[in-house]
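The values are calculated or read from the model by the stated rules, or taken from the named source; none is laboratory data. Keep in mind it's a predicted model, so treat the numbers as computed, not measured. A quick note on method: Cβ atoms are made from the backbone with ideal geometry, for glycine too, and the neighbour counts reach across all protein chains shown. Surface accessibility is based on the protein's heavy atoms, side chains included, excluding ligands, DNA and RNA. Shrake-Rupley method; radii C 1.70, N 1.55, O 1.52, S 1.80 Å.
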Amino acid sequence: MTSDRNFWVRRLHSLSGIVPIGGFLAFHLYENSAASRGADAYNEMTHRLQTLPGAVAAEILVIALPLLFHGIYGLFIAGTAKPNLYSNGYVRNWMYFLQRVTGVVVFAFILFHYWTTRLVQLTDHESLDLFRQVQSAVANPWIYAFYIAGILSATFHLANGIWSFSIVWGLTVGPRAQRRMLYISAVVFVALSVVGVRSISAFRL
Amino acid sequence: MPSSIRLSVKRQDTPTSSPYWEEYEIPYQPRQNVISVLMEIAKDPKTRAGKATSPVVYDRACLEEVCGSCAMRINGVARMACTALIDSLEQPIRLEPMAKFPVQRDLSVDRQVMFDSLKRIKGWIPIDGTYDLGPGPRMPEPERQQAYEYSKCITCGNCLDVCPQVNGRSNFIGAAPIAQARLFNSHPTGAMNAGERLEALMAEGGVDDCGNAQNCVRACPKSIPLTTAIAEMYRATTRYGIKKLFGT
């Protein structure tokens with residue numbers, strides 16, 4: 001088993017990006033679109049989710065731990081890269097570069113986001129009005145921009161991650177299959193980005 | 001038509017000394033390639049300013065893109081010097097050694113790491129026995145045609161030079177040895193040792209260290225479908241790894 005360690009760690013990194021993290025991202029962007037129905041609807045939705053049985057255990061096991069593993073090992077992978085866009089300015093080489101950049105951006109964003117919207121609830125009960133909390137945060141144009149960058153980085157990273165996931169696990173082998181998967185990942189990127197940006201924009205109204 | 005051919009070469013005297021640039025200019029002749037220009041300069045080696053210098057050191061053998069030894073960076077991109085035609089290059093032509101291998105001198109690099117990788121993936125078919133093993137199994141024609149593409153690899157190293165995952169911070173072996181593992185695993189006799197090659201590809205630096213930037217397939221002078229080979233090895237290691245995990 002020892003010689004297979006690299007294989008399984010890499011594969012776990014690839015898999016964890018789709019299940020559970022990718023699935024959670026899609027769900028998270030979708031649930032937050034409740035913000036467009038107003039503060040009460042939004043706070044009711046978050047309250048309902050947070051009081052589901054086993055919510056905290058699920059939060060740690062299904063969201064936090066996979067994210068930490070994927071993020072920290074991802075930083076290690078990004079650290080082994082040496083981008084060469086200048087001499088090889090191909091689309092796929094750009095995607096390779098952007099996958100690493102968006103990974104770093106979204107990891108930083110998630111730490112900030114988790115700190116300011118979730119961990120703060122453990123100490124500060126005022127913040128149980130999560131809608132106002134986020135609303136006052138994104139009133140600052142810099143934080144709003146950070147949210148937009150974080151959301152777009154996350155959706156790009158997931159969409160492009162689906163493309164490379166399907167190579168890594170042997171689903172798309174030839175160039176034609178990989179091109180078709182590119183179209184699918186482009187649709188995923190646009191769809192999730194629209195949902196995500198609309199949700200955060202609802203806090204600015 | 002230009003009246004001269006101008007060359008700018010990144011030179012390095014010893015493996016450890018620091019590199020420097022030298023410029024050369026020779027009278028224009030049609031239908032030259034980078035090798036023939038370097039040979040022309042070597043007849044009377046002097047820089048563009050007229051200062052006497054040593055001839056530029058580089059590797060070459062076949063001059064027909066089969067041996068793989070004359071790979072270098074030409075105007076920033078790794079390619080074979082023998083098929084780099086002067087008339088299709090922007091001047092002054094910049095020649096540099098490939099950046100992913102230790103420089104021996106000038107444009108000559110040490111590609112030992114590629115041969116070490118071929119050893120690592122067991123890029124051969126063991127056919128020796130203590131008695132005559134007889135003819136091997138026949139190979140289906142469509143598979144033979146595909147295998148022929150992979151057998152064209154000349155170990156030039158261009159795919160490694162353009163790969164952002166091949167560098168001092170990573171142990172990635174690069175596209176060429178992965179494609180060779182695919183070649184020998186698809187051979188009916190070679191397939192008998194397929195598991196050993198897959199194990200080598202699953203270790204650190206193997207196929208999972210690929211970043212799917214796909215520069216390799218564009219840089220390959222022999223048009224080998226390298227990214228297809230990598231994806232096939234991803235698929236094979238997936239099956240092999242899961243089988244191993246749940247098997248006996």
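Computed over protein heavy atoms with a 1.4 Å probe, the accessible surface of the protein assembly as shown works out to 51 Å² per residue. The accessible-area loss of segment B:227-248 on complex formation, taken against its chain alone with a 1.4 Å probe, reaches 30 Å² or more at B:THR228, B:ALA231, B:TYR234, B:ARG235, B:THR238, B:LYS244, B:LEU245. For the pair B:TYR148 and B:GLU23, the difference between a 0.36 nm per residue extended length and the Cα-Cα distance amounts to 40.9 nm.
Just the number, please: percent antiparallel of the DSSP beta bridges in the protein assembly as shown, rounded to the nearest 5.
On the way: 18 of 21 bridges.
For the protein assembly as shown, the DSSP antiparallel bridge percentage is about 85.
The alpha-carbon atoms of segment A:2-202, seen along their principal axes, cover 52, 38, 27 angstrom, with the largest extent given first.
Return the carbon/sulfur percentage of the accessible area of segment A:99-183, one whole number, probe 1.4 Å, all protein chains in place. Carbon and sulfur: 71 percent of the exposed surface of segment A:99-183.
Overall size of segment A:53-99 from C-alpha positions, given as principal axis extents largest first: 54, 19, 8 Å. With a 10 Å cut-off around each Cβ of A:81-93, the average count of Cβ atoms from other chains is 6.
Heavy atoms of chains A and B lose about 2900 Å² of accessible surface on contact, summed over both sides with a 1.4 Å probe.
Only Lys, Arg, Asp and Glu carry charge here, each on its Cβ (+1 for the first two, -1 for the last two); on that basis the protein assembly as shown has a dipole of about 420 debye about its Cα centre. Taking the empirical scaling 2.2 N^0.38 Å for compact globular proteins as reference, the protein assembly as shown has a Cα radius of gyration ratio of 1.21.
Amide H contacts for A:TRP169 (H built 1.01 Å from N in the peptide plane; partners 5 or more residues away or on another chain; cut-off under 5 Å): none found.
Dividing the helix sum by the residues of chain A, where each DSSP H run of 4 or more adds -39500 (n - 2.57), gives a mean residue ellipticity at 222 nm of -23000 deg cm²/dmol. Considering helices alone, the calculated mean residue ellipticity of chain B at 222 nm is -9500 deg cm²/dmol, with DSSP H runs of length four and up weighted by -39500 (n - 2.57) and normalised per residue. With one equal scatterer per alpha carbon and no solvent term, the Debye-computed log10 I(q)/I(0) for chain B at 0.17 1/Å reads -1.21.
What is the average number of partner chain Cβ atoms found within 10 Å of a Cβ in A:4-15?
5
Rg and Dmax, both from the Cα atoms of segment A:135-205 and both in Å, are 15.5, 49. When the Cα convex hull of segment B:4-109 is projected onto planes of every orientation, the mean area is 6.3 nm².
Going from the chain on its own to the full set of protein chains, segment B:180-215 has these residues losing 10 Å² or more of accessible surface (heavy atoms, 1.4 Å probe, no ligands, DNA or RNA): B:GLU199, B:MET202, B:ALA203, B:GLU204, B:ASP208, B:ASP209, B:GLY211, B:ASN212, B:ALA213, B:GLN214, B:ASN215.
All C-alpha pair distances within segment B:1-41, sorted into 10 Å bins from zero, spread as 26, 45, 23, 7, 0 percent across the bins.
Amide H contacts for B:VAL162 (H built 1.01 Å from N in the peptide plane; partners 5 or more residues away or on another chain; cut-off under 5 Å): none found. For segment B:112-246, the carbon plus sulfur part of the accessible surface works out to 54%, probe radius 1.4 Å.
Show me the ranking of peptides B:104-110, B:18-24 by mean Cβ neighbours inside 10 Å, starting with the highest.
B:104-110, B:18-24
A straight line joining the Cα centroids of segment A:29-63 and segment B:1-44 runs 67 Å. Run the numbers on chain A and let me know its relative contact order in percent, using alpha-carbon pairs under 8 Å that are six or more apart. Relative contact order of chain A: 32 percent.
Interface residues of segment A:156-173, defined as a loss of at least 50 Å² in heavy-atom accessible area between the chain alone and the complex of all protein chains with a 1.4 Å probe, are A:ILE167, A:VAL173. Of the heavy-atom accessible surface of segment B:4-109 (probe 1.4 angstrom), what whole percent is carbon and sulfur? Within segment B:4-109, the accessible surface is 50 percent carbon and sulfur. Can you tell me what percent of all Cα-Cα pairs in segment B:148-248 are more than 23 Å apart? Every Cα pair in segment B:148-248 considered, those over 23 Å come to 23 percent.
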